[in-house]
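Each reported figure results from applying straightforward, stated rules to the coordinates on display, with no laboratory input. The model shown is predicted, which means the values in this text are computed figures rather than measured ones.
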Amino acid sequence: MSVLRVVGRVLVRPRLWRTAVKQVFRLASPGWWHRVPFLPLPASDYLAFRMVTQYGRPDAAMSPDDVISYLQWCRGWDSRS
């Protein structure tokens, strides 16, 4: 997955900006600010698990379209509460 491709897809969808930021911090490893590279990244074992459940193998690359679909689902879920 190219992070830049995903970011580009989100940038042209302003309605997903807030959801994307919320999800970045929800999925970030606890205490991410204490570890290099000091970015709110998910744990590698969590990402491997998600890749297996989504694509069948831990080294798969995410599709930008799948990320957008996920963010749209999250946005719809947040609006219910």
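Non-local amide H neighbours of Leu41 (under 5 Å, H modeled in plane, Pro and chain starts lacking H): which ones?
Ser29
What value, in deg cm²/dmol to 500, does the helix sum -39500 (n - 2.57) over DSSP H runs of n ≥ 4 give at 222 nm once divided by the residues of the chain? Numbers along the way, then the final one.
Numbers: 4 runs with 49 residues, N = 81.
Mean residue ellipticity at 222 nm (helix-derived): -19000 deg cm²/dmol.
If you stretched the chain out fully between Tyr70 and Val7, how much longer would it get, using 0.36 nm times the residue separation minus the C-alpha to C-alpha distance?
Details: separation 63, 0.36 × 63 = 22.68 nm, distance 1.37 nm.
Net length gain for the segment: 21.3 nm.
On a full-extension model of 0.36 nm per residue, what is the gain between Leu47 and Arg35, subtracting their alpha-carbon distance, rounded to one decimal in nm?
Working: separation 12, 0.36 × 12 = 4.32 nm, distance 1.75 nm.
That pair, Leu47 and Arg35, stretches by 2.6 nm at full extension.
Among Arg15, Arg50, Arg35, whose mean-square fluctuation peaks in a Gaussian network model of the chain (Cα, cutoff 10 Å)?
Arg35
Given (1) 9.9; (2) 8.2; (3) 5.8 as candidate values of mean projected area of the Cα convex hull in nm², which corresponds to the one derived from the coordinates?
(3)
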